[in-house]
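The values are calculated or read from the model by the stated rules, or taken from the named source; none is laboratory data. As the structure is a computational prediction, the values presented were derived from the model and not from experiment. Glycine gets a Cβ as well: all are built from the backbone with ideal geometry, and neighbour counts include every protein chain shown. Just the protein is used for accessible areas: all its heavy atoms, side chains included, with ligands, DNA and RNA removed. Shrake-Rupley method; radii C 1.70, N 1.55, O 1.52, S 1.80 Å.
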Amino acid sequence: MPAVSKGDGMRGLAVFISDIRNCKSKEAEIKRINKELANIRSKFKGDKALDGYSKKKYVCKLLFIFLLGHDIDFGHMEAVNLLSSNKYTEKQIGYLFISVLVNSNSELIRLINNAIKNDLSSRNPTFMCLALHCIANVGSREMAEAFAGEIPRILVAGDTMDSVKQSAALCLLRLYKTSPDLVLMGEWTSRVVHLLNDQHMGVVTAAISLITCLSQKNPDEFKTCVSLAVSRLSRIVSSASTDLQDYTYYFVPAPWLSCKLLRLLQCYPPPEDGAVKGRLVECLETILNKAQEPPKSKKVQHSNAKNAILFEAISLIIHYDSEPNLLVRACNQLGQFLQHRETNLRYLALESMCTLASSEFSHEAVKTHIETVINALKTERDVSVRQRAADLLYAMCDRSNAKQIVAEMLSYLETADYSIREEMVLKVAILAEKYAVDYSWYVDTILNLIRIAGDYVSEEVWYRVIQIVINRDDVQGYAAKTVFEALQAPACHENMVKVGGYILGEFGNLIAGDPRSSPLVQFNLLHSKFHLCSVPTRALLLSAYIKFINLFPETKSTIQEVLRSDSQIRNSDVELQQRAVEYLKLSSIASTDVLATVLEEMPPFPERESSILAKLKKKKGPGAVSVNELEEGKREGELNGGGERSGDNSAIAASNASTPSPSADLLGLRTVPPVAAAAPSAGSLLVDVFSEAGVNDDGFLRDLEPPTESSDSLLAEGPGDSDSAPPSVVSEDPAPPLPESNELLNKFVCKNNGVLFENQLLQIGIKSEYRQNLGRMYLFYGNKTSVQFVTFTTTVSCPGELQSQLNVQTKQVEPLIEGGAQVQQVINIECLTDFCDAPLLNIKFRYGGALQNLSLKLPVTINKFFQPTEMASHDFFQRWKQLSQPQQEAQKIFKANHAMDTEVLKAKLLGLGMALLENVDPNPENFVCAGVIQTKAQQVGSLLRLEPNAQAQMYRLTVRSSKDTVSKRLCELLAEQF
Amino acid sequence: MIKFLLMVNKQGQTRLSKYYEQVELGKRAALEADVVRGCLARRKEECSFVEYKDYKLVYRQYAALFIVVGISENENELSIYELVHNFVEVLDKYFSRVSELDVSFTSKNTYYVLLTKLV
């Protein structure tokens, strides 16, 4: 590094800077800068050629002005000129200016590249370094194109100076990050890996950053670095505190290098070679031992550096997760830090321990620190440390300590910082559910949660408690009693009112025997909260009231009175008004039998994973969530594939199906039309619960437009009465695809013929055949009613990029389908290149005056274009190995959705279109398949391996193909099949 | 991985910034202001690591000057913490007793030190 003497000329610059510093106001500063800019501009434009010194000075001034936050739009050319100077300081300023100011798209790049090229080949180490720094700092694609081939050569050349090697390694790393496709290590790989053995510690430090990044992408190619890294690490760890001279930091030998080595090792599984592994374990033990030794220096820097290595070593131990002895030692070490007086250490210890908690070997050891952690949660003065403590409590929780932990978290919630309350609430809710032994404890916990932190209880939490109460009849009575008691508090949170309204509406009868909670008392209690609540809650309460009428006929008159009052029946909110009107009518017209059926108790919810978990994960990285839960989360993602809404719709459909007669009867009564629409919403409070959020904007519409099925049944009953159909608010635009259309798509992955869709009006059958990259699909539209469909039109469209991937042609069908008739449509499909999405089929027709509009996904999936390929075991494995790049492989581990019957599996795999290869996999339980996907653009060979695990009821599916998108898509499709 | 390094004084003026990731100029100002506010608000006894959006911030205070490093989630916090100190020591040697004024007056030199140290 050249010394900068204070009198290094450039007096003009110093004067300018002190002028600026002396400016009293912003205006004065701007004035001074503008004056200077004008001066520089005229100097640059002037006829007189500037000498290097003045150019340097002016460029420096520009740089300074830029750094003060002003835009600079000239001077780039002069800076580029400085690059070709032979004076170090001038060149340096030129490069500095370019690194700071020239963005990667500048047109000047070509000129700059030329100057850099000259410097790189100059063999002057300082110039080479400057050039490399500039490449690294700009790091544009053009630069990568120009120099990516050159730099590896400089990096491994024998005669390159150490400092240049260092810069070259870092420069290459930067280029690799911006344009990985241009940096090809190939022949250089092994020589780059051997830089780990370099004499010069600086080179090793720089090289290791490069190797870490490269080996994350191509772990196999760089495998040899593991043993080299281990031996390097062991040399550093065992060296005396002064051996490494410049690289010793406060008596700690090469701390940053050690950290980097440990990090590199975390890219790989534990070494297989026993000797290497032994040596590594020895290193890790030494590091752990050193933590116990008395410090060599009192300075905080010494212990920080030492602990940095220690934490990295612990990360590695956790990553390996295979050495129980080390894991427990790591845990004990962290336990000591938990009580350390350095806040930083406490924070880090809590954080590391969180990951330790999920290892089976150390979970118990972590649990022994529970008191300390709880104490940290209570007394720690720093919110981020408290947050870590809460995370750790969450991670260490299991059945044995759940009650204690949940209680502690609840009591902490009362004083918790606002920033972390919502997350805490979610965590408490999850733990309470996960480890609930008896559900009354669960109900208590959640109600407490709402009481303490009602504002932070998201919808998911209270939906969930209702789901659970409805699905478990042993807790319903208790829940009703508890909410009743909770509601008696003079001020209770709106969420409590919601839960209360819902639960009493369903199960209020279970506590009605007690005169203290007689029906009327219950109703009055609920209604006393009514006026303080927001519209969605009021809507929910109205639904609860109508349920009361059914549960307790004696309340009927009181409730009708309420519904009839102006504040309800003339409410300015349409949703409330509509409910009041409908419920009032329903209660006065329908017979008790009908009421009992319509307002029957909710059917149990389909068992599904908690949506709270998903919410928590969205909020926060999976850091605090154990692997186990992640698995669950994944499955949940698949289950709820189309998002919450789809689940709800199917639930609505189910509840409609269970009570078909009342809605028909209601229609028969020919009452006010909307009542029919109200039936499903009254019949299933579920609609209310789940549409709360959107009530104000679309709730009304949804009520007018009940789910397709019910509107069909409505029409099917009275085809003549087209005027009683709901007002046609359906737009002419193609409807969005039905929520279940993905599911329908999955049904056809392994088969070509069948019924694609069916409702009360229409049935769509499908027959298809595929050859090479071509396919033909026959669609059969059957009119199930006795009335004709008019203006029947279908359109097939390819959304988004699918347009360029598939070529789909259809002929229009007859616009008229007579009752009971069937028409056929042929669709020709050509696969141009591989694709992921499916084409959309939109169908529109008028039936009795009402426009029907529905969209489906056509079951055209990439596997339809498979051609089976038979091959012998030897060939298969050879090809399998050839497809070894990580992106060529897609893997999924998933739970079996169907029985694991070998014959069924075989049939499905054959249906997939690949060849099922016998006697290939050494394990006869496993299935392997091979096939080639034919597209117009290319052929994509694919290999598949399915490993069932009957005991765990899980599958592991691995797909390898020459194209990464294909592997991914195939894997997605297949994971839904078994 | 280090995402950015800032040197900011107590008044919230940025004395030096270095980004190792493309961040638009307009967004930088907002980011810097946000980061500084976050660090200034913290007390001595609180720990030196703050979670901020996708980053983790590691900061150290030297008199009125804060040095804040934004790192990715998986980076070793303590090693960065000490790296900052090491950086300051180098600056100290280079300028023979470094002060905020040195950094702001001769930013090009500071940049240079930074470049050679970190790239």
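General remarks:
- Shielding by partners, peptide A:52-58 (average Cβ within 10 angstrom, other chains): 0
- Distant alpha-carbon pairs in region A:148-204 (separation over 19 angstrom), percent: 20
- Region A:440-576, accessible surface, carbon-and-sulfur percent (1.4 angstrom probe): 51
- Accessible area of region A:75-199 belonging to carbon and sulfur atoms, whole % at 1.4 Å probe: 48
- Protection proxy ranking for A:774-781, A:346-353, using the average of other Cβ atoms within 10 Å per residue and placing the highest first: A:346-353, A:774-781.
- Average other protein chain Cβ within 10 Å of Cβ, residues A:168-176: 1
- Direction-averaged projected area, Cα convex hull, region A:744-850: 6.9 nm², rounded to one decimal.
- When region A:1-131 is reduced to its Cα atoms, the Kirkwood hydrodynamic radius in Å: 15.7
- Length added when fully stretched, A:LYS556-A:SER400, from 0.36 nm per residue minus Cα-Cα: 51.3 nm
- For the peptides A:547-558, A:69-80, A:304-315, residues were scored by their other Cβ atoms within 10 Å and the scores averaged per peptide; the highest-first order is A:304-315, A:547-558, A:69-80.
- Average silhouette area of region A:364-518, convex hull of alpha-carbon atoms, in square nanometres: 9.4
- Annotation: Cα Rg of region A:849-930 relative to the compact-globule expectation 2.2 N^0.38 Å equals 1.51.
- For A:GLU769 and A:ASN807, the difference between the fully extended length at 0.36 nm per residue and the C-alpha to C-alpha distance is 12.1 nm.
- Average partner coverage of B:41-51, which counts Cβ from other chains inside 10 Å: 5
- Of all lysines in the structure, those lying under 27 Å Cα to Cα from A:LYS585, and not within fewer than 8 positions of it along the same chain, are A:LYS498, A:LYS529, A:LYS547, A:LYS556.
- Three-way shape call for region A:327-438 based on the alpha-carbon gyration tensor, with the a/c threshold at 1.5: oblate
- The long axis of helix A:473-487 is offset from the longest Cα principal axis of chain A by roughly 80 degrees.
- Entry note, chain A: relative contact order of 5 percent, from Cα contacts under 8 Å with a spacing of 6+ residues.
- Shape annotation for region A:313-362: C-alpha extents along the principal axes are 31, 17, 14 Å, from largest to smallest.
- Prolate/oblate/rounded call for region A:253-391, Cα gyration tensor, a/c under 1.5 rounded: oblate
- Per residue accessible area in Å² of region A:21-135, where ligands, DNA and RNA are left out and the probe is 1.4 Å: 51
- Summed side-chain charge close to A:ALA291 - residues other than A:ALA291 whose Cβ falls under 10 Å, Lys, Arg +1, Asp, Glu -1: +2
- Here the convex hull built on the C-alpha positions of chain A has a volume of 247 cubic angstrom per residue.
- Over all directions, the projected convex hull of the C-alpha atoms in region A:784-915 averages 12.4 nm² in area.
- Ranked by solvent-accessible area (1.4 Å probe, protein heavy atoms only, all chains present), the residues A:ASP246, A:ASP573, A:ASP181 order from largest to smallest as A:ASP246, A:ASP181, A:ASP573.
- P(r) tail fraction, region A:94-143 - alpha-carbon pairs more than 16 Å apart, %: 28
- Crossing angle, helix A:873-882 versus chain A [Cα axis fit, 0-90 degrees, rounded to tens]: 60
- Hydrodynamic estimate: the Kirkwood radius of region A:745-787 over Cα pairs, inserted into Stokes-Einstein at 4 °C and 1.567 mPa s, corresponds to D of 113 µm²/s.
- Long pairs among A:LYS61/A:LYS117; A:LYS906/A:LYS963; A:LYS260/A:LYS296; A:LYS217/B:LYS44; A:LYS306/A:LYS434; A:LYS35/A:LYS56, criterion Cα-Cα beyond 29 Å: A:LYS217/B:LYS44; A:LYS306/A:LYS434
- Net charge, A:LEU774 excluded, C-beta distance under 11 Å - Lys, Arg +1, Asp, Glu -1: +2
- Spin-label pair B:GLU24/A:THR902, simplified geometry with 7 Å Cα→Cβ offset, distance in nm: 6.1
- For A:PHE780 and A:ARG564, the difference between the fully extended length at 0.36 nm per residue and the C-alpha to C-alpha distance is 72.6 nm.
- Nearest-ten-degree value, helix A:300-320 long axis tilted from longest Cα axis of chain A: 50
- Rounded, prolate or oblate (a/c below 1.5 giving rounded, otherwise prolate when a/b exceeds b/c) for region A:182-287 by Cα gyration tensor: oblate
- Solvent exposure of region A:398-543 as accessible area per residue, Å², 1.4 Å probe: 36
- Across the accessible surface of region A:356-432, with the other protein chains kept in place and a 1.4 Å probe, carbon and sulfur atoms take up 48 percent.
- Modelled label reach - A:ARG381, point 7 Å along Cα→Cβ, region B:47-85 residues with backbone N closer than 13 Å: B:47
- Ordering of A:59-68, A:762-771 by packing is A:59-68, A:762-771, highest average first (other Cβ atoms within 10 Å, averaged per residue).
- For the chain pair B and A, buried accessible area totals roughly 3900 Å², probe 1.4 Å, rounded to the nearest 100.
- Pairwise Cα inverse-distance average, inverted: Kirkwood Rh of region B:2-60 (Å): 12.0
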